[in-house]
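One structure below.
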Amino acid sequence: MSRRPLLALAFALGALGGCFLTPNPPPSFRYNCSADSDCRVLSCRGDLVLIPDAEAAGMVLAEDCDEVPEADKSKYYEARQACLDGLCEYPCELSTDVCPAEKGYNLCFNGTCATACGFDDERFPDPDATCSSPQRCVLYGDDIELALIEDLLGGSGSGSGSGFPGGGGGGSSSVEDLIGTGVCGIRCDAEDARACPPGQYCSGAMCLPDCAHDGATPCADTAECYAFGGFSTCIAKCDPLGENTCEKGEVCVKGLGLCLPTCLGEDLTTCRDGFTCNEDLAICVPEDLPTTDGVDTDVSDTEAPTSETETSG
């Protein structure tokens with residue numbers, strides 16, 4: 001498996017799509033806090049509700065706010081803040097799925113859902129001014145190397161082919177268009193910065209996933225560091241014979257005891273080239289994986305099965 005799909009997932013560069021390139025109305029405001037109880041939940045109706053008030057009202061996390069009836073949207077929330085570095089933030093680890101994109105949080109950066117900065121240089125010539133202190137605008141091309149972004153996009157820095165998927169999706173943008181823009185956050189190598197999320201290490205400005213790296217934060221007790229395709233990441237552990245504890249679209253793999261994307265069912269993922277769907281394991285496995293008639297396929301000594309990041313349907 002190539003590094004590009006994994007890095008793209010880890011850096012959550014759905015943020016580099018058209019949604020991220022839409023200027024976020026400054027300032028990228030964060031509430032000050034001294035405890036989680038000072039922070040808020042974002043209801044499915046779009047309201048910010050203080051956590052103590054939300055708990056008193058019995059509000060619960062929704063799997064999908066779009067599926068909640070309009071009359072019940074005030075009873076559910078889509079995201080919950082935590083007090084981090086004195087600011088109310090939406091925590092994240094790898095994916096932006098937990099980030100409220102409609103509020104401008106389109107990127108998971110160093111453990112928090114982040115907003116863009118540096119787009120409106122006419123009104124805000126100082127990009128740091130659009131971030132809440134102690135955050136600053138971590139700039140592409142300065143703090144974050146453009147070479148990394150190009151690697152995430154398959155090495156295409158030009159406006160041709162499948163290059164930078166910028167505003168409008170026409171393929172006419174390039175990574176150079178990011179220069180002068182950035183993301184509100186705190187460099188992971190800054191003094192007194194929080195440790196990177198589990199399975200990630202500080203590469204300079206930002207945390208990158210590679211749990212086998214000497215400087216990586218250890219995986220949580222509920223996860224295992226698993227290396228594959230020249231890369232490594234924390235994968236949730238599970239009991240194939242017990243209750244299903246895997247996330248939606250995942251299956252507990254026999255012989256591994258790890259949660260991996262399933263290639264069967266309603267929430268299946270499509271296998272990448274060179275992989276095929278093993279119906280016994282319900283995951284994608286290499287096409288050349290040895291099998292024995294009448295014996296379960298053993299994937300314990302192979303690279304972790306992989307799949308495309310796109311879901312079917």
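Using the basic label-point model (7 angstrom from Cα toward the beta carbon), what is the residue 247 to residue 102 distance in nanometres?
Result: 2.1 nm between the two label points.
What nm value, rounded to one decimal, do you get for the distance between residue 220 and residue 287 when each label is placed 7 Å out toward the C-beta?
For the pair residue 220/residue 287, the computed spacing is 3.7 nm.
Report the FRET efficiency, 1/(1 + (r/R0)^6), for residue 129 and residue 192, where r is their Cβ-Cβ distance and R0 is 22 Å, rounded to 0.05.
It comes out at approximately 0.50.
Could you list 253, 68, 60 in order of exposure, starting from the residue whose Cβ has the fewest other Cβ atoms within 10 Å?
Fewest to most other Cβ atoms nearby, the residues stand as 60, 68, 253.
Name the residues whose placed amide hydrogens come within less than 5 Å of the amide hydrogen of residue 47, ignoring near sequence neighbours (fewer than 5 apart) on the same chain.
Counting only residues 5 or more places away or on other chains, the set is empty.
Take every Cα pair under 8 Å in segment 167-247 that's 6+ residues apart, average their separations, divide by the length, and report that relative contact order as a whole percent.
17
Coordinate-derived values only; no laboratory data. The model shown is predicted, which means the values in this text are computed figures rather than measured ones. Glycine gets a Cβ as well: all are built from the backbone with ideal geometry, and neighbour counts include every protein chain shown.
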